[in-house]
Amino acid sequence: MDDKTFVEKQFFWAEANVFHIFSFLLLKGNPATALKEPNSVVLTEEMAEKYFGSQDPIGQTITHENERELKVTGVVKNIPENSHFKFDFLGSFGTLNDIIGTKLLTSNWGRNNYLTYVLLRKGISPDVLREKIPGFLDRHIGQLVVNSTGHPPSRPPSEGTLLYLQKLTDIHLHSHLTTELEQNGDITNVYLFTTIALFILLIACINFMNLATARSAKRAREIGLRKVLGAYRKQLIQQFLGESIYISLMAMFLAIVFVEVALPYYNDFTGKSLSLAYWDNPLIIVGLILITFLVGLLSGSYPAFMLSSFRPVSVLKGEDRSSKRSTFRTVLVVGQFTISIALIISMGVVYHQMQYFRSKKLGFNKDQVVVLPSSAQMRDNMESFKNRLMQNSNILQVTHSRLIPSDKLLNSWGGRIVDGEEPQPLNFRLAVVEVGYDFFDTYQMNLVAGRTFAKQYSTDDSAAFVLSQAAIQQLRWSQNEAIDKPLLYGNRRGRVIGVVEDMHFESLHNKIVPIIFLISESTSYKISLRISGHDIPATLAFLKNIWNEYRPDYPFEYRFLDEEIQARYESEQKLGQIFGIFSM
């Protein structure tokens, strides 16, 4: 689109056979060749309309990252919301040969930042492929170690690198890996709300039984007269069960109507896109019918057998067995209260869990931190950009880093202890965070030993490390012992200069992991600023003006870290509210 720039989040690179593995419908273009050539791109129909309007997008070009012209070779039907892989743009993977380099892209077995999908031949069990994975890893990664170090690995790479198969349909509810395409659901929540639904249904059945037995006195004479006139007990049981099933059917009909009316509001509240396609899935219809009949039979069984057991003579004489009925109703009421109290207690647990998310100390200060995206152009002018920002008194600190708190950490086996002539590999995963100077001050992380990176030390950018407490605990060092210990990380040989307090870098959902921090100017993907909080609109306006001086071709985008972290727990908060509503 002429002289207009958009920030697009759903841009992916893919190989040409992506349309063979996935069932995306290509509306324009050839699925076999659309992504075969470098500098090609496929759009969704929504993006095609956004960028080209009523024009035919095929053959048109868009500019990626203000650097590379990509030719539109296909238009895909909009991706459904329930798809695992949702994209707006698919660039041809061959384009990365020019961006990254063919050798690094195709022959580096340590480069594992791509998602790989495998389509097995019909009749082939995943176990056949799974058994071959360890040998595959040992062969290729072992050669990688030999090429980089000159000697074979001290242990089989398959012991330290996990490569496993995962069924595509299991990802949404069962997978929580580092590089998921999006935040997945959680099967635990499904089990939780299924349990709540069963409890509520059980309470409803108990209520029905209580009401039915309470009305037994009014129907006793009817039953007695019908028995005198020749009605069999079996007929009476069938009648009462039929009445119960009929009520259950009516309740199911009203429930479906309620769900259809309420579902759009539920989706708006939770940010989900749930739908109930009854006729597209016969199993749903069969399941609803079975549940309806089971509920009818369960709730109507005791009243049916109890009412049909009345003796005509006793009933017509006015005799009853209210004490026995009263005892059973008491049992039902006690059971009902037990379930209700259990739900209330569970609601309290969920509430306290939400309070924990809100009040738990993270190991850094998330408030008043603004995060900006970086780029190669910004990295080349980072010092100048930072100096301009620091001219504003409302901006207290500026730093850059590859990751920021709330990001997924990058785990690595690349660390080795330099102890003696032969460096010893670490026996645990060490997450690496590449940062700039002032990172720890910007995030107000607590230093417990040594010092953090500083420009006055000339070797800090090439031969210094800062470790977290969890890392030195794994190394069996005390805080003071860790200082000045030699380490080898990748190709960087240096010494530990500081130890910082542990932090929940990723999320409170995850355990605290060992972290190694090192200086890297070339991987500053994100810029972090700590602001004073005074006149925030004016500060943001200043940021935008400075940004436009350095990146006039790229829209100004910012986010507050506390809002980013809060969003991580938004689904739990909404689920907690829904849980509370159902528990009431």
Would you mind telling me the antiparallel percentage of the DSSP bridges in the chain, rounded to 5? 70 percent
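Once R0 is set to 56 Å, what does the formula 1/(1 + (r/R0)^6) return for the Cβ-Cβ distance between Ala32 and Thr327, expressed as a FRET efficiency to the nearest 0.05?
On the way: r = 75 Å, r/R0 = 1.34.
Calculated value: 0.15.
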Which of the lysines could be linked to Lys544 by a straight reach, that is with a Cα gap under 21 Å, when you skip same-chain ones fewer than 8 residues away? Lys4, Lys9, Lys386, Lys526
Match the structure shown to one of the listed values (i) 196; (ii) 232; (iii) 278 of volume of the Cα convex hull per residue in Å³, computed from it, and give that label. (ii)
log₁₀ of I(q)/I(0) at q = 0.12, 0.20, 0.24 Å⁻¹ - the stretch 510-584, Debye sum with one point per alpha carbon: -0.64, -1.06, -1.19
Kirkwood Rh, Cα Rg: Rg to Rh for the stretch 369-566? 0.99
Pairwise centroid distance, computed over Cα atoms, of the stretch 515-573 with the stretch 130-147, Å: 40 Å
Only helices at least 15 Å long along their axis, Cα-based, and averaging 1.0 or more on Kyte-Doolittle count here, so list those DSSP H runs from the chain. 187-214, 282-308
Cut-off under 28 Å on the C-alpha distance; same-chain residues fewer than 8 positions from Lys122 excluded. Which lysines are left, in chain and number order? Lys36, Lys77, Lys86, Lys132, Lys167
Mind checking which of Val433, Ile171, Leu236 is farthest towards the positive end of the chain's charge dipole, using Cβ charges of +1 (Lys, Arg) and -1 (Asp, Glu) about the Cα centre? Leu236
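Based on the Cβ-Cβ distance of Ile546 and Arg358, what FRET efficiency does E = 1/(1 + (r/R0)^6) give at R0 = 45 Å, to the nearest 0.05?
Working: r = 34 Å, r/R0 = 0.75.
With R0 = 45 Å, the Cβ-Cβ based efficiency is 0.85.
More than 15 Å apart: what percent of Cα pairs in the stretch 145-191 qualify?
Values: 661 of 1081 pairs.
Pairs farther apart than 15 Å: 61 percent.
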How far, in nm, would the chain grow between Ser273 and Thr106 when pulled straight, counting 0.36 nm per residue and subtracting the alpha carbon separation? 56.3 nm
Once each part is reduced to its C-alpha centroid, what is the distance from the stretch 438-511 to the stretch 339-386 in angstrom? 22 Å
Amide hydrogen neighbours beyond the local backbone of Arg495, cut-off 5 Å, H modeled: Ala464, Phe465, Leu487
With the crude spin-label approximation of a point 7 Å out along Cα→Cβ, what separation in nm comes out for Ile512 versus Asn39? 5.2 nm
Can you find, among Pro486, Gln577, Ala471, the residue sitting farthest towards the positive end of the charge dipole of the stretch 469-584, where Lys and Arg contribute +1 and Asp and Glu -1 at Cβ? Pro486
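Values quoted throughout were computed directly from the atomic coordinates according to the rules given, and no laboratory measurement underlies them. This structure is a prediction, so every number in the text was calculated from the model and none was measured. Using ideal geometry, Cβ is built from the backbone for each residue, glycine included, and neighbour counts are taken over all protein chains shown.
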